[in-house]
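The values are calculated or read from the model by the stated rules, or taken from the named source; none is laboratory data. Since the structure is predicted, the reported quantities are computational estimates derived from the model, not experimental observations. Counting neighbours? That spans all protein chains shown, and the Cβs are built from the backbone with ideal geometry, glycine included. Surface areas here come from the heavy atoms of the whole protein model, side chains and all, with no ligands, DNA or RNA. Shrake-Rupley method; radii C 1.70, N 1.55, O 1.52, S 1.80 Å.
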Amino acid sequence: MVDGVGYLIIDTTELRTLMEPEYNSGNLNSLINDYRHIVVVDIEHTCAMDGSIPPEERETIEIGAVLLDTCSLQIIDEFSCLIRPVIHPKLSKFCTELTGITQSELDVAEPFPKLFANFIDWLPSDAEYIFATWGAYDLVQLNIDCASHGMPEFSPSTTLNLKIAFKEARNLKKKVGLKRALEIANLSYEGNHHRALDDAKNTAKLLPLIFNDKERPGIYEATIKFEINEDSLTMDEIDDSLFDVGFDDAIVSHSGDGKVAIELSRAATSYADLVESVMAKVKNAIPSAKVIRASRDSWQTSQKQHTNPFKNNGLANSGVDVTTSRIRSRKKLESIAEIDDGYIVDIPDDKEMLHPARYFEALYLQKLRAQGLSNNDLSKMLGLSVEQFDDFLIEKISVTLTLAKRLEAVTGMPSEFWLRTQTKFDKSRK
């Protein structure tokens, strides 16, 4: 109905009931198999502690969304914008404190019609996507804005309330908030809560737990970090022990202070089974090993092989077969950048190793050029002539200690990594 002021009032309880599909495991997995993409959306809207802004006059002030491939459940694109409110253009102190969005930021933003049109243009053109939100209200609010501006109703063909889906997938007695859901899943919130893009990204972390049928065999990918307090073991000896018990197809990384990360993808009945199996093998090889953290990177069914998009923004991805970690390491060089706490990727001597230039090219060159740096600029920064820089890129120049330190200054990757990579490359050529 419409109130005396002329704004549309929507019965959110009724709308939520109409939107909800069947949220059992079979239907959820069947649903995601029918679509190419899933879009996770979050919005922030104007609000006031004193109730001076009624629900029908709330306005969207931020849209954040991430686009995921349904095969890998990895983020492949994102959207974010701030929107200037017009009904209540002045933000309340409560709204600013809740979201961190400032009045000055909104004053220079465009109003809803233009930015919502940009959002619609960003969505997959073939409409082969699931519109997913944590709760039902985000879509309600978007349509309050559409009605306020005399725009057509926004009606995605398929919508999904992830709050309900998570409750059903985890067999919870009641629905929970986003942060509580992450705690239940043993995942940490990253970024600022009540900022739309950060909320959308953190919501996306829960998708593998919602859509993964625990009894379905498939290829699961994980990074498991251990602490090994064994002073008598060198890095190479740790590697040898791990490879001897079956991790020759994994990417093994070292932090330099006793921490080791193992990244691999394996056939398993579930992600939990994969982690348990890896933990048992590592403990068998190195009894002092202690698990720090296990994180899930992707999921796929056993019926198909899928590409695994890189998680780092701005880096090209030519597609990677996730079924073989070692093969994946050839193209998924960005895995180095994804490993935090200063981990350095190490590959055993008996495996083919890439020249350091390949890591530099894949991880950093595109970003450096995007900053306006030319080959001439980069060669000067690395203490090389333009010809020597070109020779480095085509693997005619080896990394010396001096060059390794300059590479560290330019890229932030420790000089030890560049030297170790060169040594491994040289050994693989013998």
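Observations on the structure shown:
- Extension gain from Glu153 to Gln103, taking 0.36 nm per residue of separation minus the Cα-Cα distance: 15.2 nm
- Per-peptide packing, taken as the mean over residues of other Cβ atoms within 10 Å, places 402-408, 194-200, 39-45, 385-391 in the sequence 39-45, 194-200, 402-408, 385-391 from highest down.
- Convex hull of the range 97-245 built on C-alpha atoms - directionally averaged projected area, nm²: 15.3 nm²
- Fully extending the segment from Leu187 to Asn376, taken as 0.36 nm per residue of separation minus the present Cα-Cα distance, adds 63.6 nm.
- Binned Cα-Cα distance frequencies in the range 59-100 - 10 Å width, integer %: 23, 37, 22, 16, 2
- Sequence ranges 78-84, 416-422, 393-399, ranked by mean other-Cβ count within 10 angstrom, highest first: 416-422, 78-84, 393-399
- Computed FRET value (nearest 0.05) for Lys90 with Asn118, which takes r as the C-beta separation and R₀ as 30 Å: 0.80
- Ranked from largest to smallest solvent-accessible area, with a 1.4 Å probe on the protein heavy atoms, Met413, Met49 come out as Met49, Met413.
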